[in-house]
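To start, the structure under review is shown below, and the notes come after it.
The values are calculated or read from the model by the stated rules, or taken from the named source; none is laboratory data. Here the structure is a predicted model, which means the values were calculated and not measured. FYI the Cβ positions are ideal-geometry reconstructions off the backbone, even for glycines, and counts take in every protein chain you see. Protein only, heavy atoms only, side chains kept; ligands, DNA and RNA dropped before computing areas. Shrake-Rupley method; radii C 1.70, N 1.55, O 1.52, S 1.80 Å.
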Amino acid sequence: MSEDGRLAWALGLLGLLGVPGLAALVMSIVMLVVGLLQRRRNPVAAHVGTRAAIFGGITLATVIAFFTILIIGMVTTDPTRTYDTPPPLGIALIVLGIWMILVGPLVGVVMGIVALVRPVSRDKAAAILERAANAPR
């Protein structure tokens with residue numbers, strides 16, 4: 001599994017941690033680091049690991065954005081005022097919260113399961129190796 005870069009995707013199973021938010025944070029950091037480390041192995045592992053690192057980076061960015069907007073909202077919002085419609089920060093928090101708590105970890109877990117049961121095919125590996133050989137340096 002580590003020879004074709006699937007290890008980074010398999011670590012998406014960390015999304016099964018029981019604490020919302022923490023699961024996305026841990027999963028995204030581990031996928032980002034392990035995915036980037038796969039670039040040193042071979043072109044196939046680099047390709048697959050980079051994809052996992054990109055997903056981990058996007059999920060990490062949403063977690064950071066969620067908590068940043070949450071803190072900004074807590075500092076700048078007047079708690080005595082009632083809103084007829086949610087403020088823009090509230091809408092952003094809802095969207096980022098859904099991604100951070102539900103969608104991100106769920107996608108990570110599904111991709112982790114896929115990585116465990118389905119290796120990179122010989123045809124796909126050959127295509128990746130061919131692209132790597134023809135890439136300008």
Subject >> Carbon/sulfur fraction of accessible area - the chain, other protein chains in place, 1.4 Å, % >> reply: 70
Subject >> Charge dipole (the chain, unit charges on Cβ, about Cα centre) - positive-most of ALA46, ALA92, ILE29 >> reply: ALA46
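Considering only DSSP states other than H, G, I, E and B, which trypsin sites (Lys or Arg not before Pro) in the stretch 1-105 qualify as loop sites with at most 12 other Cβ atoms within 10 Å?
Working: sites: ARG6, ARG39, ARG40, ARG41, ARG51, ARG81; in loops: ARG41, ARG81.
When the trypsin sites (Lys or Arg not before Pro) of the stretch 1-105 are filtered for loop state and at most 12 Cβ neighbours within 10 Å, ARG81 remain.
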Subject >> Computed magnitude of the charge dipole of the stretch 6-100 (debye, nearest 20; Cβ of K, R +1, Cβ of D, E -1) >> reply: 620
Original post:
Relative to the longest principal Cα axis of the chain, at what angle does helix 122-134 sit, 0 to 90 degrees, rounded to 10?
Top reply: 90
Original post:
Using alpha carbons only, how many degrees (0 to 90, rounded to 10) separate the axis of helix 88-98 from the longest principal axis of the chain?
Top reply: 40
Subject >> Helix-only mean residue ellipticity at 222 nm for the chain, each DSSP H run of n ≥ 4 adding -39500 (n - 2.57), per residue, nearest 500 >> reply: -22500 deg cm²/dmol
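How high is the FRET efficiency between GLU130 and VAL110 when r is their beta carbon distance and R₀ equals 30 Å, given to the nearest 0.05? If you can, show how the numbers build up before the last one.
Numbers: r = 29 Å, r/R0 = 0.96.
Result of the calculation: an efficiency of 0.55.
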Original post:
What FRET efficiency do you get for LEU70 and ARG122 if R0 is 35 Å and r is their Cβ-Cβ distance, rounded to the nearest 0.05?
Top reply: 0.15
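With every protein chain present, what is the per residue accessible area of the chain (1.4 Å probe, Å²)? Provide the component values of the computation, followed by the final result.
Working: 8410 Å² over 137 residues.
The answer is 61 Å² per residue.
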Original post:
At q = 0.09, 0.10, 0.14, 0.19 Å⁻¹, what log₁₀ I(q)/I(0) does a Debye calculation on the Cα points of the chain give, no solvent, two decimals?
Top reply: -0.35, -0.42, -0.68, -0.98
Original post:
How would you rank 107-116, 60-69, highest first, on the average number of other Cβ atoms within 10 Å across their residues?
Top reply: 107-116, 60-69
**OP:** Please determine, in degrees from 0 to 90 and to the nearest 10, the orientation of helix 22-37 with respect to the longest principal axis defined by the Cα atoms of the chain, where the helix direction is its Cα long axis.
**Re:** 30
Original post:
Given a Förster radius of 22 Å and the C-beta distance between ILE98 and ASP78 as r, what FRET efficiency does 1/(1 + (r/R0)^6) yield to the nearest 0.05?
Top reply: 0.30
